[in-house]
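Worksheet: the structure to be examined is printed underneath.
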Amino acid sequence: MAWHILFTTDVGLLSLFVICFIICMGGFLVIFFRRRIREEQQQQQQQNKKPSP
């Protein structure tokens, strides 16, 4: 019965949309922050390799 309500009513479809949106947003944020952290670590490594005057 719950599946029927989730997929056939307006409230159920909006709930399903919100659940999917939150999962996708979480995945995007994980990828985004991992990429930014990796870039920052590479920049720090490059700065550490440069000899200071």
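The values are calculated or read from the model by the stated rules, or taken from the named source; none is laboratory data. Please read all numbers here as calculations on a predicted model, not as lab measurements. All Cβ positions, even for glycine, are placed from backbone atoms using ideal geometry, and neighbour counts span all protein chains on display. The accessibility values were calculated without ligands, DNA or RNA, using every heavy atom of the protein model including side chains. Shrake-Rupley method; radii C 1.70, N 1.55, O 1.52, S 1.80 Å.
Observations, loosely collected:
- Scan of region 1-26 for residues that are hydrophobic (A, V, I, L, M, F, W, C) and open to solvent by 100 Å² or more (accessible area, probe 1.4 Å), ordered by number: M1, W3, F7, V11, L14, F17, F21, I23
- Meets criteria (assigned to a helix (DSSP H, G or I), at pLDDT below 95 and open to solvent by less than 80 Å² (accessible area, probe 1.4 Å)) for L29: no
- Selected residue [part of a helix (DSSP H, G or I), surrounded by fewer than 10 Cβ atoms within 10 Å (Cβ to Cβ) and either within 27 Å of the chain's Cα centre (by Cα) or hydrophobic (A, V, I, L, M, F, W, C) (or both)] from Q41, Q45: Q45
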